[in-house]
Amino acid sequence: MVDLESEVPPLPPRYRFRDLLLGDQGWQNDDRVQVEFYMNENTFKERLKLFFIKNQRSSLRIRLFNFSLKLLSCLLYIIRVLLENPSQGNEWSHIFWVNRSLPLWGLQVSVALISLFETILLGYLSYKGNIWEQILRIPFILEIINAVPFIISIFWPSLRNLFVPVFLNCWLAKHALENMINDLHRAIQRTQSAMFNQVLILISTLLCLIFTCICGIQHLERIGKKLNLFDSLYFCIVTFSTVGFGDVTPETWSSKLFVVAMICVALVVLPIQFEQLAYLWMERQKSGGNYSRHRAQTEKHVVLCVSSLKIDLLMDFLNEFYAHPRLQDYYVVILCPTEMDVQVRRVLQIPMWSQRVIYLQGSALKDQDLLRAKMDDAEACFILSSRCEVDRTSSDHQTILRAWAVKDFAPNCPLYVQILKPENKFHIKFADHVVCEEEFKYAMLALNCICPATSTLITLLVHTSRGQEGQQSPEQWQKMYGRCSGNEVYHIVLEESTFFAEYEGKSFTYASFHAHKKFGVCLIGVRREDNKNILLNPGPRYIMNSTDICFYINITKEENSAFKNQDQRRKSNVSRSFYHGPSRLPVHSIIASMGTVAIDLQDTSCRSASGPTLSLPTEGSKEVRRPSIAPVLEVADTSSIQTCDLLSDQSEDETTPDEEISSNLEYAKGYPPYSPYIGSSPTFCHLLHEKVPFCCLRLDKSCQHNYYEDAKAYGFKNKLIIVAAETAGNGLYNFIVPLRAYYRPKKELNPIVLLLDNPLDDLLRCGVTFAANMVVVDKESTMSAEEDYMADAKTIVNVQTLFRLFSSLSIITELTHPANMRFMQFRAKDCYSLALSKLEKKERERGSNLAFMFRLPFAAGRVFSISMLDTLLYQSFVKDYMISITRLLLGLDTTPGSGFLCSMKITADDLWIRTYARLYQKLCSSTGDVPIGIYRTESQKLTTSESQISISVEEWEDTKDSREQGHHRGNHRNSTSSDQSDHPLLRRKSMQWARRLSRKGPKHSGKTAEKITQQRLNLYRRSERQELAELVKNRMKHLGLSTVGYDEMNDHQSTLSYILINPSPDTRIELNDVVYLIRPDPLAYLPNSEPSRRNSICNVTGQDSREETQL
């Protein structure tokens, strides 16, 4: 084996450690050669080119020096003219010869030599093989004309007084200035402003034209009027401004010819310059220019990044953003890659917006555009996704890249990001606030099925309103609904609050009830000073601390409120007489006026909890007096809170032992074993003990495990919830979990059917005839339409078909555009809908942000648009807690100790409570629930519509036939015609023809003819509704489905529903009212001795908890 160490040569002396310390003494013996590499050729010409042309800074210095030389030559010419004495006579020799002093001649010769040398050198360095291209350039020709005569005069002294048009150097100075500006932009690494360059070129062109005309006329008039420079300036200004006074005019033909030539040059050059300037101005108007750095440092602004800006999105953002008083001085910079829309341009020209909104056309992925928007100085950046694209994943990818680009450019700028798909959330976890559209959408749709109109409740809470909508309406429900819609969520520190400061050390439910009783505010949640988690209704065990942040619902925040005592309120009873009846608004009614609210303080003197005001009023001596409501305790009594009652199902005690065993074997409570996407909050819910095979999930196809092919065959005990969607995305997880939440009783769990396509046969198979709710999700494939508002066309028509076929079905629909809600359950001749349409237009003219709120489908919670939740992201800029509270209300997040949203229905046994304040007290004292609103349904008094008339056709005909039997045949026609005139929608001609046919038939016709005639009459008398019902029944029979339970005549159009958020304490409760509750977390009451939360819940036995939810 060869010795490797002997083959390795020793290090040269220069690499030895001793030599490094003592110095390199043996480098002379080293035969290495140092090689230098150059980026350019190491020739003299290349080095000169690098210095004069390529190097930005040295080239800038050279051009600045050249520009100074040209200005100096023009200045020397002016000095020569001023020093010259005007000679007498009109010889032409005065044109070619001038008086030039020797020092002045020396300076001009020096300038000419330097300028000519520089011009020749630059021409040599830029030479590319064509000598004539360099010689015939206008700057080179002008340089020769101005420099060569002075150089010749050195060798020929008699030519020292020869006239040289040195004033033409102004055009060379203009050329040097343009090149200097270009090098300046390159040297300081800034984006070149074409607009600035073009303005500079235009101004310099005008100056050069005027200066050339002044010097030329003055020189040519040496043989005429002997004009000085000031007179020449006066003449040029008057001439170029087209004023033409005529007091100063040229006399010689040469000066006149020069003026004509200059005017021709101006008519050619200036229009070209103005055209380029106008073009650049138009382009700048499209792109938006730049946001001023000085303004960015002295004023506050936010940046809105969107893919395409539509007028609806812009107005929603501006109205919601500027609705807050402290944001009035903010500027909004819109950064959009597309050209400004015509409607957007028209809106931004309104003075109210033109002073505060700046549109920039650019991309958030370019640092140059982010610098134009001054993103590093912005207070916030809103990044919105384009929901109108077919591929929503691609839209999310664009949003993610924009968020990354902004975070990379401005790391300290707060980000407010809207995302569409939940699986893309984890890419933007660094954002300060994120709203995922599908998460909120499916959660609201799910809660709409168990808590009616949850979508309307959330929409009203996240919109800014003063509660003035509907106050001009003659209908009482619109006044109450509009006033209560002004309630929003606010926050305040407890020790700084007039509302809650007195409840320090008291329980949460005590503070919530008494604050509502005294001030009319609804305390819904708190947050500890040292904790970031918000707790909604933490329950009666939670003790209020002075540093707690309180979250409450009110018409306005406490800082904008003024308080009046009870004695002061009694003196003015004007507002008291305005509202009357059982549903009147509060005596302490909140009067909203420009953000300031006057709140009347009710009498809070000590009253007995069992006094007459809380007991059921007796009518005579027949009715037995019921027990009064227990008071709300300041500190919760531990013995009154039953842990098992809070966790057990309300209906488990009613089950038989066999049913209870089977129910416990079928369901268990726990967390879902798998999460469909990263970032989903784990939710405690009902789970199956064993995973169902995939083949069994197909409702319309049998498999080896079961042979059912329709929903009826499964024998579900509860009504179905049908979800009609285009695809089964990950967002459906947020639809299923709220419907399977652990606090819902097992016997109330509704089967969920996912319908990916909705032809009539599939609808009938999936059990639409006995479904509790049908949820129609907006189709993604229809969102990109040629006309924006047509994106909902397919959904609207499909829902209208369902409404006509199954009028008793409760349909919850999602739309893309809120303006299309007026087409839901459309009736052409419905007078009430027309009246609501007029009301909507009036509210929009008054500047309301919620003009669509009075549409019956929206008020009842049957339709909503996810674009309405865009305001949630905008409000988060002022209220950073709004997204967290909304997620807790919808069940998207579960915080230990935080309550959840649910509802209860007022029955006949609960009407003894009478008022909302007593209901508040009953709930707080018994279950610890906090009510936040009422969902009320009233009978709707409508005029007879076309459909109702068509339904009653058959009944009217039967009545008329029985009445006609007692009349003579001669009076038969008159009675028929008069009755038909009262019902214009009847098919008169067809029915008359049928009756005439029956009368003219032969008397000897048999039973067959009479039967055919009767069938024909029945066909003509059949209404449209009966035709639809017959169609559905025939189709069900064809599919082998039972028609039992198909209620074809039930129609819910005779009622209207609306929401009262935080109504007044003395609001009357009515039968069938649905009360929205925030119920405490049952898991918070578990004893600490139990081993684990999951095991304790799964082993809970059913006990009677009906008293906690039933009043």
Give me the one-decimal nm value for the distance between modelled label points at Trp97 and Trp132, 7 Å along each residue's Cα-to-Cβ direction.
3.9
Taking R0 as 35 Å and r as the Cβ-Cβ distance between Ile79 and Ile272, the FRET efficiency 1/(1 + (r/R0)^6), rounded to the nearest 0.05, comes to 0.55
Note, the range 462-471: 3J(HN,Hα) by Karplus (6.51, -1.76, 1.60, θ = phi - 60°), whole Hz, Gly/Pro = x, goes 8, 9, 8, 8, 8, x, 9, 5, x, 6
So how exposed is Met282, as accessible area in Å² (1.4 Å probe, rounded to 10)?
110
For Tyr359, residues with placed amide H under 5 Å, excluding near neighbours
Ile334
Under Karplus coefficients 6.51, -1.76 and 1.60, residue-wise ³J(HN,Hα) of the range 426-443 in Hz, glycine/proline x:
5, 6, 10, 5, 6, 5, 5, 9, 10, 10, 9, 5, 5, 4, 5, 4, 5, 5
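Working from the alpha-carbon coordinates of the range 66-159, get Rg over Rh, Rh being the Kirkwood radius.
Rounded to two decimals, Rg/Rh equals 1.05.
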So, for the Cα atoms of the range 366-473, Rg and Dmax in Å stand at 17.4, 53
Amide H of Leu755 versus every other amide H placed in the peptide plane: which residues, excluding those fewer than 5 positions away on the same chain, fall under 5 Å?
Val723, Ala724, Ala725
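Note the full-extension length gain between Leu200 and Trp404 as 0.36 nm times their separation in residues minus their Cα-Cα distance, in nm to one decimal.
69.6 nm
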Where in the range 221-241 does the label zone of Glu251 land, with the point 7 angstrom along Cα→C-beta and an amide N cut-off under 13 Å?
221-228
J(HN,Hα) series, the range 332-342, from Karplus relation 6.51 cos²θ - 1.76 cosθ + 1.60, nearest Hz, glycine and proline x
10, 9, 9, 10, 9, x, 9, 6, 5, 5, 4
Quick one: length gained pulling Thr393 to Glu748 fully straight, 0.36 nm per residue minus the C-alpha distance?
124.2 nm
Positive minus negative residues near Leu257 (Lys, Arg vs Asp, Glu; Cβ under 13 Å)
-1
Cα extents of the range 310-439 along the principal axes, largest first, in whole Å, come to 42, 32, 29
Per-peptide average of other Cβ atoms within 10 Å, ordering 415-426, 443-454 highest first
443-454, 415-426
Largest to smallest accessible area among Asp341, Asp710, Asp792 [probe 1.4 Å]
Asp341, Asp710, Asp792
Any idea how far the Cα center of the range 733-750 sits from the one of the range 90-160, in Å?
95
Long-range share for the range 198-279, i.e. C-alpha pairs more than 19 Å apart as a percent of all pairs, stands at 37
Which peptide among 508-520, 685-697, 528-540 comes first, and what is the full order, when sorted by highest mean count of other Cβ atoms within 10 Å?
508-520, 528-540, 685-697
Report, in whole Å, the centroid distance computed from the Cα atoms of the range 456-515 and the range 325-396.
33
Given R₀ = 60 Å, FRET efficiency for Glu502-His294 by Cβ-Cβ distance, to 0.05?
0.75
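The values are calculated or read from the model by the stated rules, or taken from the named source; none is laboratory data. Bear in mind that the values here come from a model prediction, so they are computed numbers and not experimental data. Using ideal geometry, Cβ is built from the backbone for each residue, glycine included, and neighbour counts are taken over all protein chains shown. The accessibility values were calculated without ligands, DNA or RNA, using every heavy atom of the protein model including side chains. Shrake-Rupley method; radii C 1.70, N 1.55, O 1.52, S 1.80 Å.
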